[in-house]
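Can you keep this structure in mind? I'll have questions shortly.
The values are calculated or read from the model by the stated rules, or taken from the named source; none is laboratory data. This is a predicted model, so every value here is computed, not measured. Backbone-built Cβ (ideal geometry, glycine too); neighbour counts: all protein chains shown. Heads up: the accessible areas ignore ligands, DNA and RNA and are worked out on the full protein's heavy atoms, side chains in. Shrake-Rupley method; radii C 1.70, N 1.55, O 1.52, S 1.80 Å.
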Amino acid sequence: MADVNLTVDGKKVTVPAGTLLIEACRAAGIEVPAFCYYPGLSLCGACRMCMVRIEKMPKLQTACTTPVAEGMTVHTETPEIAQARKATVELLLGNHPLDCPVCDAGGECELQDMTFKYGAPTSQYVEIKQHREEQQWSPVVYFDRPRCIMCYRCVRVCGEGMDVWALGVQNRGAGSVIAPNRQDHLDCEECGMCIDICPVGALTSDTYRYKTRPWEMNHVATVCTHCGDGCKTTLGVRRADDGMEIVRGDNRDKSGINEDFLCIKGRYAFDFANHPDRLTKPLIRQADRSFATATWEQALELAAKKLKEVRDTKGPDAIGVIGSNRTTNEENYLLQKFARTVLGTNNIDHHRTADYVSFVRALAGKADRAASLRDAGTAPAILLLGNDPTEQHPALAWALRTNVRLNKAKLFLVNTSDIKLRRQAKAFLHIPEGGYADAVRFLGSNDADFHGIEGAADFRDALRAEPKLLILFGSEFRGHDIDALVSFGLSLPDARFACLADYANSRGAADMGLLPDLLPGYRPVAAPGPFAEEYPNLPQKPGKDLIEMFDAAERGELGALYVVGANPVERYNVDPASLKNTFVIVQEMFLTETAQIADVVLPAANLYEKGGSVTNSYGDLQLVKKAGDRAGVRSDLELIVRIADRMGAKPQQLVPFGRGLRADTGQSRGAQSGEADRHSIWLASRQIEPKVSPFDPYAVLDEIARLVPGYDVERMNLLAGNDVRTKLVSIEPAASTTRRDLVLPAQDALFTSGTLGRYSAKLAEVHESHRKSPAETAAD
Amino acid sequence: MSPEMNSVPNTIFSPELAARFDKLVTLYPARRSALIPMLLYAQDEVGAVNDAVIAEIAQRIGITELDVRNVISYYSLLHTKPHGKFHVQVCTNISCMLRGGNEMLAHCKEKLGIGNKETTPDGIFSLEEVECIGACCWAPAVQVNYDFHDNLTTEKMDAVFENYRQKAGKS
Ligand code: SF4
Ligand code: SF4
Ligand code: SF4
Ligand code: FES
Ligand code: FES
């Protein structure tokens, strides 16, 4: 669109025609106060805070609803405007309780800020304030009516943004009030978007209300540990008796890949970290089969001794290693390196929730065709096959809805169920159960008919006419079905792809080579390339996959099993008796079904308690930062290094630490105090900052960047907290092209999150309350 | 939407009203434009826009029940609880106030033995204080259901009550 020139407070500003005046001001670095305006939501013009003076126009105008015009001259701060804002604040405070000293929003409240800036010290109003009791609307949402300033942000974000429409406005004029959809309670997706977007403390969460004050917390931006979307969540942490306790999760800076969004899990399901059942002491199985607590010394020594013993007596093939979908890339990388170089076995696997191996192979040589989560928010057309993002990839669902709403993107759905995103879809191909392979074949064909489904040919023709298409697919697609889908996509003018997996680092686990036949970067073990030199004693024969490991245990051939952050006993229904001759070492947060049958249990830190990096389903790499801390637990990275050390391996060979430059850390005080920071940033961005410990995840990240194709990303960008694209680099096709299908979808929905979800009291409570409600209405 | 989508099985309305609603939703460019007339007709037939009415109208239009409630709560002419057989609406807005509207309201309260927005135990009368009903020239004015009574005095009001009481007795 053509550009428009205007003047704001004497500054010349040029913006595209159609821009709202408030955005034009913001672009020029001039902040116009606003309560009801929220970027991306419909315009509302309700609060009158954004009043500005536009020359040649009578009366003050609302900057949030006025589009810019050529030659406009605007003033945003004059005594007249200050007076208008003062009057508005005075009206808003007319019935406001001013209970800031106890209000959750106190300290980060937009009304407080505006009162501070424009408000009068006195009020003309002498009427008695109308008090209303706080109401609980759901396990998550509380409403404190007198605090509400009727900005309608919550109503719009729930309706337009979430497509839930659970909040409304009732009554009229001064009596207006926000109301939930079930009269006295909410029936909704419990995302907490309304709470986060509320400029005041009218909507509060059960998790955080009356817990602490914002300035008493440290705020750490990290990545959600739940689904495969990898949202940035900011955790508020506070000192507790046994470390740092996470008290809040929210979307504070909105700089993440999720932009405005977080679902219930990213916001409230951090509470597993504070669960009373957390393991904080190592456990060793006794002769009478009971567990006794042990010192770290004893537990690590025993684990290392047994692994060494089995390796040296029964051979490396008698050991199995199972990694995690929720540990960092550095931990995953290190675990497989440990298995392959210290234990000497390729018997390593993880619970796969998507077939990345086939995906990478199908896209070999076409790295630029892999899509980011960000593409879902900008692509002009999207084809989604399988999956139900509203339940399984909430941030993706948000991005798709937003893209359809704001950019008129065209969404094409192929699904066996009538998923909620259908409401945004331009076209929906409702296929019979198990019909995905068939559907792909149909899309690529010129058949007139597909299972007699009306409009199927039109759907296909419309799809093929799209000049640019983003293709997303769920775990319904594996092996040759992925090949077929990708080759269909490649036949279109410009298609990009993403393969959806279920956990925070499912993609990272596969990329880092937690696979029996593939090294990091999907390099076949038989053709190890640079790893031949890097990994001494690398066995060339593919190892046992997860199922084969348990089969071997059944046959009495598995001497030891090392499980890091996984619960295969529950997932794969393993009979505990089959492991009676196997020495089992488990690193876990809780006494899961797998930990219960272990011989040594090592209490581990979770993703919120350590640093490192994770890769989401789409291949977007992000850093996680240590937020919480729990006395007694250790990171998986540290535990792997310590076990290796006790087995006699050289930590330097596992983790390339101690190689960085010796840095002058400069002065930390006085006039030069900024120097040290600038110096260390410079070093870190060139990956030459000193890494003095084998437990430093960045040391491992250096090796990943060096050896894993596609992970050589711009470090500075990553360190700045941004999501950075990894590239899928082509791999040589492995010897056998028919691989066993070991994908087992997690089957998680909006309120569940695998084993982790069972230890989140909030998720469990919400899950329970939502399970109950259909029964209540079943009578009709 | 196809025409058969308009009708609702097991409607709570009379066949005539249901047929009327089937048509009504097709008359506007947006279905939800039919909401207010539907609410008014339904209120007249059922006596109030109760939960069942709200549910069916939401279904007919394809909006949430919350949307319907939002609209109902905005308009004072829509009520979710049944009124008396005769709903006595006493205006106390400026013209009526100047000519004794408040006294008229007090008189009605005393005569009927009920307060504002209450219903007599026999269900015949309910009382409500309302804003201007557009009969200012003949203030003070009272509206009973859809009928106007103006230029009132307390004596004339008593006669009005008597009249309705007899009507109530007949049916
Ligand atoms: S929690 Fe989410 S779904 Fe529920 S009312 Fe708030 S915005 Fe809507
Ligand atoms: S509850 Fe909060 S977001 Fe919703 S209208 Fe009130 S002040 Fe605005
Ligand atoms: S959408 Fe996924 S990554 Fe984002 S907050 Fe929810 S569970 Fe976490
Ligand atoms: S921000 Fe412009 S009226 Fe509310
Ligand atoms: S003021 Fe009573 S009818 Fe207008």
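Can you name every residue in region A:172-204 that is of a type in the set (Gly, Ala, Ser) and more than 17 Å from A:His770 (Cβ to Cβ)?
Across region A:172-204, the qualifying residues are A:Gly173, A:Ala174, A:Gly175, A:Ser176, A:Ala179, A:Gly201, A:Ala202.
Moving on to the next point. Strands (runs of 3 or more DSSP E) wholly in region A:156-209 with at least 2 residues that are over 22 Å from A:Pro389 (Cα atoms) and within 14 Å of chain B (Cβ to nearest Cβ) - which ones?
A:167-170, A:177-180
When you go through A:Ala367, A:Ala354, A:Ala339 one by one, which is the residue that is more than 16 Å from A:Leu411 (Cα to Cα), in contact (Cβ under 8 Å) with a residue 12 or more places away in the chain and surrounded by fewer than 24 Cβ atoms within 10 Å (Cβ to Cβ)?
A:Ala367
Scan region A:414-456 for residues that are under 28 Å from the mean Cα position of the chain (by Cα) and not in a loop (DSSP other than H, G, I, E, B) and report the count.
9
On to the next question. Can you name the number of the only condition in (1) at pLDDT 95 or above; (2) away from ligand 2 (no atom under 11 Å from the Cβ) that A:Pro199 fails?
It fails just one condition, (2).
Please determine whether any residue of region A:615-626 is over 21 Å from A:Ile704 (Cβ atoms) and part of a loop (DSSP other than H, G, I, E, B).
no
Oh, and also: Taking the condition farther than 20 Å from A:Met589 by Cβ and open to solvent by 10 Å² or more (accessible area, probe 1.4 Å), does A:Arg285 pass?
no
Also: How many residues are under 16 Å from A:Gln61 (Cα atoms), part of a loop (DSSP other than H, G, I, E, B) and touching a residue at least 40 places away in the same chain (Cβ under 8 Å) when one looks only at region A:1-45?
The number of residues fulfilling the criteria is 7.
Report yes if A:Phe459 is among the aromatic types (Phe, Trp, Tyr), under 34 Å from the mean Cα position of the chain (by Cα) and buried (at least 24 other Cβ atoms within 10 Å of the Cβ), otherwise no.
For A:Phe459, the condition - among the aromatic types (Phe, Trp, Tyr), under 34 Å from the mean Cα position of the chain (by Cα) and buried (at least 24 other Cβ atoms within 10 Å of the Cβ) - is not met.
With (1) more than 21 Å from A:Glu609 (Cβ to Cβ); (2) at pLDDT 90 or above; (3) surrounded by fewer than 22 Cβ atoms within 10 Å (Cβ to Cβ) as the list, and A:Leu718 as the residue in question, which single condition is left unmet?
So the condition that A:Leu718 fails would be (1).
For region A:217-228, state whether one or more residues are away from ligand 3 (no atom under 16 Å from the Cβ) and either within 14 Å of chain B (Cβ to nearest Cβ) or assigned to a loop (DSSP other than H, G, I, E, B) (or both).
yes
With respect to A:Asp277, determine if the residue is open to solvent by 50 Å² or more (accessible area, probe 1.4 Å), within 30 Å of A:Ala598 (Cβ to Cβ), in contact (Cβ under 8 Å) with a residue 12 or more places away in the chain and in contact with a Phe, Trp or Tyr (Cβ under 9 Å, 6 or more places away or on another chain).
yes
Looking only at region A:139-169, which residues are surrounded by fewer than 20 Cβ atoms within 10 Å (Cβ to Cβ), of a type outside the set (Asp, Glu) and either more than 12 Å from ligand 2 (Cβ to nearest atom) or not assigned by TED's automatic domain parsing to the domain that holds A:Cys103 (or both)?
Hit for region A:139-169 is A:Trp165, nothing else.
Something else: So in region A:398-438, with the set limited to residues that are of a type in the set (D, E, K, R) and farther than 16 Å from A:Gly159 by Cβ, which one is surrounded by the most Cβ atoms within 10 Å (Cβ to Cβ)?
A:Lys410
Just need a number here: residues in region A:142-159 that are of a type in the set (D, E, K, R) and more than 14 Å from ligand 1 (Cβ to nearest atom).
The total comes to 3.
Right, another one. Is it fair to say A:Pro528 is open to solvent by less than 20 Å² (accessible area, probe 1.4 Å), modelled with pLDDT under 95 and part of a loop (DSSP other than H, G, I, E, B)?
For A:Pro528, the condition - open to solvent by less than 20 Å² (accessible area, probe 1.4 Å), modelled with pLDDT under 95 and part of a loop (DSSP other than H, G, I, E, B) - is met.
Could you tell me whether A:Gln130 is without any contact (Cβ under 8 Å) to a residue 60 or more places away in the chain and more than 14 Å from every other protein chain (Cβ to nearest Cβ)?
yes
Kindly list, by first and then second residue, each pair from a residue in region A:53-76 that is among the charged types (D, E, K, R) to a residue that is away from ligand 2 (no atom under 16 Å from the Cβ) and open to solvent by 50 Å² or more (accessible area, probe 1.4 Å), limited to pairs with Cβ atoms under 7 Å and residues at least 6 apart or on different chains.
A:Arg53/A:His75; A:Arg53/A:Glu80; A:Glu70/A:Asn5
Could you say which residue among A:Gly243, A:Gly228, A:Gly256 is touching a helix residue (DSSP H, G or I) at 6+ places or on another chain (Cβ under 6 Å) and in contact (Cβ under 8 Å) with a residue 40 or more places away in the chain?
Being touching a helix residue (DSSP H, G or I) at 6+ places or on another chain (Cβ under 6 Å) and in contact (Cβ under 8 Å) with a residue 40 or more places away in the chain holds for just one of A:Gly243, A:Gly228, A:Gly256, which is A:Gly228.
Looking for something over 24 Å from B:Gln43 (Cβ atoms) and modelled with pLDDT of 95 or more - is there at least one such residue anywhere in region B:120-135?
No, there is no match, as no residue in region B:120-135 is over 24 Å from B:Gln43 (Cβ atoms) and modelled with pLDDT of 95 or more.
Here are some conditions: (1) within 16 Å of ligand 4 (Cβ to nearest atom); (2) buried (at least 24 other Cβ atoms within 10 Å of the Cβ). A:Ile197 meets all but one. Which one does it not meet?
(2)
Would you check which residues across region B:145-160 are surrounded by 13 or more Cβ atoms within 10 Å (Cβ to Cβ) and in a strand (DSSP E or B) and list them?
Matches in region B:145-160: B:Phe148, B:His149.
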